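The values are calculated or read from the model by the stated rules, or taken from the named source; none is laboratory data. Just so you know, these numbers come straight off a predicted model, no measurement behind them. Don't worry about glycine lacking a Cβ; one is built from the backbone with ideal geometry, like all the others, and counts go over all protein chains shown. When the accessible area is computed, the model is the full protein with side chains, heavy atoms only, and any ligands, DNA or RNA have been set aside. Shrake-Rupley method; radii C 1.70, N 1.55, O 1.52, S 1.80 Å.
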Amino acid sequence: MLDAGLRVRSFFTDRAGGCSSGPYSSLNIATHVGDDPDDVARNRLVVADAAGALVTFLRAEHGIAVARIDEPTEDPPIADVLLTTTPGIALGAIAADCVPVLLHDEVTGAVAAVHAGREGLYRGVVDAAVAAMLDLRPRRRGTAGMSAAIGPAICGACYEVPEAMRARVGSRHPVAVSSTRAGTPSLDIPRAIETRLAELGIDPILRHHRCTLEDERYFSHRRGAPTGRHAGVIVCEGPGRRVGPGGV
Ligand SMILES: [Zn+2]
């Protein structure tokens, strides 16, 4: 597991340490990819142990919906952003090439787990997540005290897409426009997310440059489906708590 580097307990899982087999080997935390449900349940307990709390994993739809979570659940509303201000609640964003993003607001103590892929980025999921965090502040006063971590995801040199798709996303996020090593059209979604978070005033932004397609420690939908999912996990510790980086 990779420490996300935020000031609350937060980390990104990888494939190691679970009990799933075959294409899901081994720490697959997704229930919707064809893995044995009992194995997934055991894997989720491994992640809960690392988080120090049961983790509520989001159910993505590549949209911009935000769901507030006040108690742990196996069955949260479908939403690409889960948000909480309840101490002890742990949230997880699942992915396998898409980008798990974790947000923390030290003013309110709010944390969010975000699933941001190409389509979610295009529709505005980064803005939706930050706006939902800002809405929790008593007075909507800038973003000072808000930080983010961008987890392992497919990189701009690997994420080949049709030219028209690159142009569409590039019309809203010019820095997403990229090329593969072979010179074909691609998208750099992590870079676009980092840029947008910076435009919104988030500081610091901790970007973990690990490409899920190239780094076999991670699940990658592009490298081979079916496969499992890893997760970005963040734990709410309430306002004003500063426990130092990590904890994992
Ligand atoms: Zn790559």
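Overview of results
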{"quantity": "Restricting region 1-107 to GluC sites (Glu not before Pro) in coil, as DSSP defines it, with at most 16 other Cβ within 10 Å", "calculated": "61, 74"}
{"quantity": "Cα gyration tensor category, rounded, prolate or oblate, for region 117-246 with a/c compared to 1.5", "calculated": "oblate"}
{"quantity": "Over the chain, relative contact order from alpha-carbon pairs under 8 Å, at least 6 apart, %", "calculated": "29 percent"}
{"quantity": "Ranking by accessible area, most exposed first, for 188, 49 with a 1.4 Å probe", "calculated": "49, 188"}
{"quantity": "Cβ charges +1 (Lys, Arg) and -1 (Asp, Glu), total dipole of region 56-97, debye", "calculated": "120 debye"}
{"quantity": "Three-way shape call for the chain based on the alpha-carbon gyration tensor, with the a/c threshold at 1.5", "calculated": "oblate"}
{"quantity": "Antiparallel DSSP beta bridges within the chain, as percent of all bridges there, nearest 5", "calculated": "75 percent"}
{"quantity": "Spacing of the two label points (7 Å from each Cα toward its C-beta) at residue 165 and residue 42, in nm", "calculated": "3.6 nm"}
{"quantity": "Nearest-10 value in Å² for the accessible area of residue 209, using the 1.4 Å probe", "calculated": "140 Å²"}
{"quantity": "Relative contact order %, region 81-171, counting alpha carbon pairs below 8 Å whose residues are six or more apart", "calculated": "31 percent"}
{"quantity": "Heavy atoms of residue 213 accessible to a 1.4 Å probe, total area in Å² rounded to 10", "calculated": "50 Å²"}
{"quantity": "Charge dipole (region 2-235, unit charges on Cβ, about Cα centre) - positive-most of 128, 31, 13", "calculated": "128"}
{"quantity": "Potential lengthening between residue 209 and residue 225 on full extension [0.36 nm per residue; Cα-Cα distance subtracted]", "calculated": "3.5 nm"}
{"quantity": "Estimated dipole of the chain in Debye, rounded to 20 [Cβ of Lys and Arg +1, of Asp and Glu -1, Cα centre]", "calculated": "700 debye"}
{"quantity": "Three-way shape call for region 48-97 based on the alpha-carbon gyration tensor, with the a/c threshold at 1.5", "calculated": "oblate"}
